[in-house]
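Enquirer: The structure that follows is given in the form of structure tokens.
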Amino acid sequence: DLGLSLYQTRISDLIAFEGMDFQAVNINRAVIDGIELDYHFAHGALSIDGNATWQKATDADSGERLLRRPDRKINLSLGYRFDNQATVGCEASAYSSRPDFGGASLAGYARVDLLASAPLAAGWTFEARLENLADRDYVLVSGYNTPGRSGVLSLRWNAE
């Protein structure tokens with residue numbers, strides 16, 4: 001499957017934050033225009049999904065870019081499902097640089113995550129994720145740390 005979406009979003013009274021103390025401010029009118037390309041492929045046990053977004057997010061009154069919103073982002077995931085419904089997969093994502101407070105810019109970044117799941121009993125699934133496989137340093141919000149390589153183990157129950 002291949003999909004293409006064009007969007008225009010108009011926002012009135014967008015609450016944003018500015019300054020070192022993250023003071024709440026009102027943006028009278030914001031505009032987000034963009035295009036998204038989506039892809040899905042499945043063949044037997046293998047699946048590939050991807051999407052790419054190009055967007056322009058601005059304050060309609062000043063023409064300034066909205067803070068912390070990348071102009072470009074891309075995601076790709078590969079997955080394999082075994083006969084017993086266990087899965088393994090890999091997810092990769094990349095984001096372009098984006099503006100931050102005071103004219104600063106947050107650098108673009110990319111990361112790769114690994115994931116797996118295994119059914120245990122009726123309704124029970126064990127899940128594992130290894131996030132930020134390459135232990136990359138990146139910043140989502142200036143002044144706040146982001147995790148390095150980390151793992152998550154989950155036991156999920158789904159009442160069917």
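The values are calculated or read from the model by the stated rules, or taken from the named source; none is laboratory data. Quantities reported herein were computed from a predicted structural model and do not represent experimental measurements. Note that we place each Cβ from the backbone using ideal geometry, even for glycine, and neighbour counts take in every protein chain shown. Just so you know, the surface numbers come from the protein's heavy atoms only, side chains and all, with ligands and any DNA or RNA stripped out. Shrake-Rupley method; radii C 1.70, N 1.55, O 1.52, S 1.80 Å.
Enquirer: Go through (1) within 30 Å of residue 95 (Cα to Cα); (2) of a type outside the set (A, V, I, L, M); (3) surrounded by 10 or more Cβ atoms within 10 Å (Cβ to Cβ) for residue 143 and report which single condition fails.
Expert: Here residue 143 meets the rest and fails (3).
Enquirer: Follow-up. Among the residues of region 113-151, which ones are among the aliphatic types (A, V, I, L, M) and in contact with a Phe, Trp or Tyr (Cβ under 8 Å, 6 or more places away or on another chain)?
Expert: Of everything in region 113-151, those that are among the aliphatic types (A, V, I, L, M) and in contact with a Phe, Trp or Tyr (Cβ under 8 Å, 6 or more places away or on another chain) turn out to be 118, 120, 139.
Enquirer: Restricting attention to region 99-112, which residues are touching a Leu at 6+ places or on another chain (Cβ under 8 Å) and either among the aliphatic types (A, V, I, L, M) or at pLDDT below 95 (or both)?
Expert: The answer is 99, 100, 101, 106, 112.
Enquirer: Is there any pair linking a residue in region 27-54 that is open to solvent by less than 60 Å² (accessible area, probe 1.4 Å) to one that is hydrophobic (A, V, I, L, M, F, W, C) and not in a strand (DSSP E or B), with Cβ under 7 Å and at least six apart or on different chains, and which?
Expert: Between residues of region 27-54 that are open to solvent by less than 60 Å² (accessible area, probe 1.4 Å) and residues that are hydrophobic (A, V, I, L, M, F, W, C) and not in a strand (DSSP E or B), the close pairs are 30/60; 30/66; 31/60; 45/82.
Enquirer: Just need a number here: residues in region 63-118 that are among the polar types (S, T, N, Q), open to solvent by 30 Å² or more (accessible area, probe 1.4 Å) and over 17 Å from the mean Cα position of the chain (by Cα).
Expert: The total comes to 3.
Yes/no per residue for (1) of a type in the set (D, E, K, R); (2) within 19 Å of residue 153 (Cα to Cα); (3) at pLDDT 95 or above:
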position: 69; (1), (2), (3): yes, no, no
position: 91; (1), (2), (3): yes, yes, yes
position: 94; (1), (2), (3): no, no, yes
position: 114; (1), (2), (3): no, yes, yes
position: 118; (1), (2), (3): no, yes, yes
position: 126; (1), (2), (3): no, yes, yes
position: 130; (1), (2), (3): no, yes, yes
